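S.K.: Sharing a structure below in structure tokens format, with a few things to ask.
The values are calculated or read from the model by the stated rules, or taken from the named source; none is laboratory data. These numbers come from a predicted model, not from an experiment. All Cβ positions, glycine included, derive from the backbone under ideal geometry; neighbour counts span all protein chains shown.
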Amino acid sequence: MTAATTLRSIYLNWAKNFGCKVSALFAPGISVVPHAALGDWQGAFFLRHRTTCLISVPRSSILKAQALTAGRSAAEAFDQDFVRYLFPGGVLQTVGPAWLGYADATDIRPLADAQGRRLDESDVPALERLAKACDRREWELSSVRVERQWIFGRFVGAELVAAGSLEDVHDSILNVGIITHPGHRGRGYAKEVVSAMTQFALEQPAVLQYRTLLTNLPSIAIARRLGFQEQAQTLAVRLA
């Protein structure tokens, strides 16, 4: 990914979400800011980019968090002991660390023989059956939602075995959500769905955003195979 306009769009999106200037994304160390896009959420959101880590927290936690992170490096931010130290009031749940990648028209390498396609209203019952077959937490983390404007899927016969959705998160940036039926994993169906979404995005045109847990190596492999490049890592922390 070399297009300066693409990177600027990504950086503007991050800066908007954190309520900061783009220059803050390149300041070494840890910067703590009050929630902007996350409103009154009782949690903390970390974004680590190169030698910088931005942490968004509730306004009630800002002064203490800034004091505890003073002089600390971005490399320390995702350490679980450090997270507990930073929030002595208690951590209920962490989601991540997550891999955050992007791809534009210069990066995307869709599969030539992918059978994924865009879904329509007649496919909603199949999508709902897929949702019921998946673990509830996995479904929530996938970001696939029935109400999304752009939903894609891969069928085997009459069964929807993988589904994905695109969500407009900032101007021309579309977030990719993807999930596969537990009984059909490891067969490349998710890759076909993501490929169909990348082809659709090329027609917009758009920058695609792909987020998955760092421990989900098959999902990261899909992203890299289709041309996504890692730009940052994230961590979400729900506070007591």
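S.K.: Could you please give the count of residues in the range 41-72 that are hydrophobic (A, V, I, L, M, F, W, C), closer than 12 Å to Phe18 by Cβ and over 17 Å from the mean Cα position of the chain (by Cα)?
M.R.: 1
S.K.: Restricting to the range 28-87, and then to whatever is of a type in the set (Lys, Arg) and touching a residue at least 12 places away in the same chain (Cβ under 8 Å), can you tell me which residue is surrounded by the most Cβ atoms within 10 Å (Cβ to Cβ)? It would help to see each step written out before you state the result.
M.R.: Restricting attention to the range 28-87, the residues satisfying the condition of being of a type in the set (Lys, Arg) are 48, 50, 59, 64, 72, 84.
Still in the list and also touching a residue at least 12 places away in the same chain (Cβ under 8 Å): 48, 50, 59, 72.
Details: Arg48: 20, Arg50: 11, Arg59: 10, Arg72: 15.
Looking at residues that are of a type in the set (Lys, Arg) and touching a residue at least 12 places away in the same chain (Cβ under 8 Å), I get Arg48.
S.K.: Out of everything in the range 2-45 that is in a helix (DSSP H, G or I) and among the β-branched types (Val, Ile, Thr), what residue ends up being nearest to Lys64 (Cα to Cα)?
M.R.: My answer is Val22.
S.K.: Still on this structure, I have one more. Counting just the residues of the range 109-158 that are acidic (Asp, Glu) and part of a loop (DSSP other than H, G, I, E, B), which one comes out nearest to Val169 (Cα to Cα)? Steps first, answer last, please.
M.R.: Narrowing the range 109-158 to residues acidic (Asp, Glu): 113, 120-121, 123, 128, 135, 138, 140, 147.
Pick out the ones that are also part of a loop (DSSP other than H, G, I, E, B) and you get 113, 120, 135, 147.
Details: Asp113: 29, Asp120: 22, Asp135: 25, Glu147: 15 Å.
Here the answer is Glu147.
Condition check ((1) assigned to a helix (DSSP H, G or I); (2) of a type outside the set (Ser, Thr, Tyr); (3) farther than 17 Å from Thr51 by Cα; (4) outside the structural domain of Gln204 (by TED's automatic domain parsing)) across all residues:
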site	(1), (2), (3), (4)
Lys64	yes, yes, yes, yes
Ala67	yes, yes, yes, yes
Arg72	no, yes, no, yes
Ala75	yes, yes, no, yes
Tyr85	yes, no, yes, yes
Gly89	no, yes, yes, yes
Thr94	no, no, yes, yes
Asp107	no, yes, yes, no
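S.K.: If you take the residues of the range 181-240 that are among the β-branched types (Val, Ile, Thr) and outside any strand (DSSP E or B), which of them is surrounded by the fewest Cβ atoms within 10 Å (Cβ to Cβ)? Outline the logic, then answer.
M.R.: Filtering the range 181-240 for residues among the β-branched types (Val, Ile, Thr) gives 193-194, 198, 207, 212, 215, 220, 222, 234, 237.
Now drop any that are not outside any strand (DSSP E or B), which leaves 193-194, 198, 215, 220, 222.
On the way: Val193: 31, Val194: 30, Thr198: 26, Thr215: 11, Ile220: 19, Ile222: 22.
The extreme case among them is Thr215.
S.K.: Of the numbered conditions (1) more than 19 Å from the chain's Cα centre (by Cα); (2) in contact (Cβ under 8 Å) with a residue 40 or more places away in the chain, Glu159 satisfies every one except a single condition; which is it?
M.R.: Condition (2) is where Glu159 drops out.
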